[in-house]
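Only one structure is covered here, and it is reproduced in the block below.
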Amino acid sequence: MAGRRTPEGLKEVIRDYRRDQVVAVARRLFGERGTTDVPMDEIAQEAGVARSTVYVYFASRDELLRACLAQMHTQLREAIADAWAQDATPAARLERLIEEMLARIDDDPAFFRLALVAQASPGQGAVAVGAELALIGLDIARLVRDLYDEGAVTGQFRAMDPDRATTLIGQQLYGAIAVRAGEPDPAPRAEAATDIARFVLHGLSPGWAGTA
């Protein structure tokens, strides 16, 4: 019958589900403990799989840690896909990007705080976290650069060196998510995204208030 999965197809779905389950549990435990030094046995038990199953997917805790960050990035990419597919303005897509970046932090602020700390700490974990965050940063920088280039061409953004513009926008975004991860009572996400986007677009110019 059309649409019926083959046995191999079902096995693949189960494998993907189990892998995602392990990653989700690891993210939660890493964040709750405030350390990446969580036994793989415990992660397996919480995920409802055998310890050997965890090692089928991840050869080490560092690989699992990178997968946790990669999962957040995949969720971000999926969340902004519709905005990028639509004929939205560069400013509207920038605001959507900011809102979804904040959403990923809101999903698991403890884990993101841990990732920032781990990146700056000595040890192999710092290398793993730093490498994955660098890849994510490069991808987001490409998104920002595309937004800037389109906005500059259409006259929505002022002309300046594109690399400099990308760096300045990136600094604002990184600072915003780092601050939000540490806020005990953050502002509503949509409101925060609008404020950040407007600041990026208009800075402190007195003519910007109430416009996007």
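The values are calculated or read from the model by the stated rules, or taken from the named source; none is laboratory data. Computed from a prediction, not measured in an experiment: that's the story for all the values here. When we count neighbours, we look across all protein chains shown, and the Cβ atoms used for this are built from the backbone with ideal geometry, even at glycine.
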**Request:** Go through the residues of the stretch 86-95 one by one and say whether even a single one is among the acidic types (D, E), within 19 Å of A197 (Cα to Cα) and either in contact with a Cys (Cβ under 8 Å, 6 or more places away or on another chain) or crowded, with 16+ Cβ neighbours inside 10 Å (or both).
**Result:** yes
**Prompt:** Between residues in the stretch 18-30 that are under 11 Å from Q71 (Cβ atoms) and in contact (Cβ under 8 Å) with a residue 12 or more places away in the chain and residues that are charged (D, E, K, R) and crowded, with 19+ Cβ neighbours inside 10 Å, which pairs lie under 6 Å by C-beta distance while being six or more apart or on different chains?
**Reply:** R27/D108
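Report yes if L138 is under 18 Å from the mean Cα position of the chain (by Cα), surrounded by fewer than 11 Cβ atoms within 10 Å (Cβ to Cβ) and either of a type in the set (K, R) or outside any loop (DSSP other than H, G, I, E, B) (or both), otherwise no. Quick ask: steps written out before the conclusion?
Working: under 18 Å from the mean Cα position of the chain (by Cα): yes; surrounded by fewer than 11 Cβ atoms within 10 Å (Cβ to Cβ): yes; either of a type in the set (K, R) or outside any loop (DSSP other than H, G, I, E, B) (or both): yes.
Yes; evaluated as a whole, the condition is true for this residue.
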**Message:** Yes or no: the stretch 114-128 includes at least one residue that is within 17 Å of R77 (Cβ to Cβ), out of contact with any Leu (no Cβ under 9 Å at 6 or more places or on another chain) and either modelled with pLDDT under 95 or polar (S, T, N, Q) (or both).
**Reply:** no
**Prompt:** Taking the stretch 52-66, which residues are surrounded by fewer than 20 Cβ atoms within 10 Å (Cβ to Cβ) and touching a Phe, Trp or Tyr at 6+ places or on another chain (Cβ under 7 Å)?
**Reply:** none
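Can you go through D149, D107 and tell me which one is closer than 30 Å to D37 by Cβ and without any contact (Cβ under 8 Å) to a residue 40 or more places away in the chain?
Details: D149 fails: closer than 30 Å to D37 by Cβ.
Result: D107 is the single residue among D149, D107 that is closer than 30 Å to D37 by Cβ and without any contact (Cβ under 8 Å) to a residue 40 or more places away in the chain.
Quick grid of which residues meet (1) among the β-branched types (V, I, T); (2) in contact with a Leu (Cβ under 9 Å, 6 or more places away or on another chain); (3) closer than 30 Å to R96 by Cβ:
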position: T35; (1), (2), (3): yes, yes, no
position: V38; (1), (2), (3): yes, yes, no
position: I43; (1), (2), (3): yes, yes, no
position: A47; (1), (2), (3): no, no, no
position: S52; (1), (2), (3): no, no, no
position: Y55; (1), (2), (3): no, no, no
position: A59; (1), (2), (3): no, no, no
position: L69; (1), (2), (3): no, yes, yes
position: T74; (1), (2), (3): yes, no, yes
